[in-house]
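In what follows, a structure is listed as structure tokens, so that the remarks can point back to it.
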Amino acid sequence: MNLRNASAPVRAIKRLLSHHEIATLLLLLHAPIDAMAAPPDVASLSEYGYVEMVSPTPGESKFRLTDDGNAVLRGLGIK
């Protein structure tokens, strides 16, 4: 029996994440993080496409989860 939704895209985790990177994804789950206050793990998560930088207002930059980042958390049973 196939339980997977046929219309949902399948996303694979691109690499194993450290516990610090998973904690950063959890922080971003609840709210975007200001770019100046972002932990160092945001750079690697951004490189793998799990987070992205957005500018809600001019001169302000924040990091938020991408669809792939949300998929990782769903795969971990968190979301």
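The values are calculated or read from the model by the stated rules, or taken from the named source; none is laboratory data. Just so you know, these numbers come straight off a predicted model, no measurement behind them. No Cβ is skipped: glycine too gets one built from the backbone with ideal geometry, and neighbour counts run over all protein chains shown.
Before moving on, here are some points about what is shown:
- Selected residue (criterion: surrounded by the most Cβ atoms within 10 Å (Cβ to Cβ)) from residues of segment 21-74 that are in contact with a strand residue (DSSP E or B) (Cβ under 8 Å, 6 or more places away or on another chain) and among the basic types (K, R): K62
Every residue, every condition in (1) at pLDDT 95 or above; (2) polar (S, T, N, Q), yes or no:
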| site | (1), (2) |
| --- | --- |
| L3 | no, no |
| L27 | no, no |
| M36 | no, no |
| T57 | no, yes |
| T66 | yes, yes |
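- Within segment 48-79, the set of residues being within 8 Å of the chain's Cα centre (by Cα) and at positive phi comprises G49 only.
- Residue match in segment 7-16 (condition: at pLDDT 90 or above and of a type in the set (D, E, K, R)): no
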